[in-house]
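The structure appears below as structure tokens.
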Amino acid sequence: MKFLKKLRFLWHNQRMKRKKPQTWIFIVWSFLALLGLGFWGLSAYKREPSATLMIDAGHGGYDSGAIGADQTTLEKDLTMEIAYKIGQQVRQLDPSIEVLFTRLDDNVDWPHEETADLQARIDQTIQKGADCFLSIHLNASSNPDAFGYDAFVRPNDAFSMAAASRIVENLEAISYSANRGTKSTLDAPLMVVDNQSIPSMLMEVGFVSNPAELEALKSPVTQNRVAKAIARAYVDTMHEFFKEEETQ
């Protein structure tokens, strides 16, 4: 009897030893399968953005825009830097939002004529199927003491009105310059805003004709802080307007 008990014990022990590798193989394959599903899900998440923002760096190429108080800095160069940084901040804050740019350098491929230039930016926005449009500009005045930022939107554009309000809150929170107000394009028509069928805003971030404000705008630190404030406003507004629509 003792011999039979010992034989059963040895047989059971060997059986359990044989099962262990199979258990580990099952665990490994399960982990790999879950990992694969995770990558697939992330890929699908990236392929299907929740919304698309087109960011336009004002002027460019043949059009320098305003010339700074230092007689060297060009509006087109600063708008490109700030616009790109806004886009990067939006991507960091919410990778599901697709960010597009009308230009990423000074080599523009549209006609060297103002109306055709503006129409080309509008056409890009339509062709890419963007959900909203933001154009970044800088202001200038014959009065070197003029300073501050303002935004221009269509009066019936609830999205851009909300985004502009959030931008003001965020810029005030970092004590950046001064709010000159959100203005209607009924009073100041702007082709690049008025000729869009989607939410659209043109924002003047500051005055390059003001020596102090120009120096601030040239600073990468200030550019990053301002860009983050604007990006956060757009991400929050896109969550409010577009992601609510998805859940309805």
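Here are some notes:
- Burial order of peptide ranges 54-62, 194-202 (average beta-carbon count within 10 Å, highest first): 54-62, 194-202
- Amide N proximity, region 93-108 versus His239 label position 7 Å along Cα-to-Cβ, cut-off under 15 Å: 93-97
- Between the alpha-carbon centres of region 98-173 and region 54-86 there is a gap of 12 Å.
- Within region 153-225: Cβ-based charge dipole about Cα centre, in debye rounded to nearest 20 (Lys, Arg +1; Asp, Glu -1): 100
- About its Cα centre, the dipole of region 105-197 is roughly 360 debye, where the only charges are +1 on Lys and Arg Cβ and -1 on Asp and Glu Cβ.
- Prolate/oblate/rounded call for region 47-173, Cα gyration tensor, a/c under 1.5 rounded: oblate
- Amide N of region 151-182 lying under 13 Å from the label point, which is placed 7 angstrom from the Cα of Asp194 along Cα→Cβ: 153-155
- 1.4 Å probe accessible area per residue over region 98-248, in Å²: 47
- Nearest-0.05 FRET efficiency for Asn156 and Glu114, computed from C-beta distance (R0 22 Å): 0.30
- As a rough guide to protection, the peptides 149-156, 80-87 ranked by mean Cβ packing within 10 Å, highest first, stand as 80-87, 149-156.
The values are calculated or read from the model by the stated rules, or taken from the named source; none is laboratory data. Given the structure is predicted, the values throughout are model-derived calculations rather than measurements. Neighbour counts run over all protein chains shown; Cβ positions are idealised from the backbone, glycine included. For accessibility, only protein heavy atoms count, side chains too; no ligands or nucleic acids. Shrake-Rupley method; radii C 1.70, N 1.55, O 1.52, S 1.80 Å.
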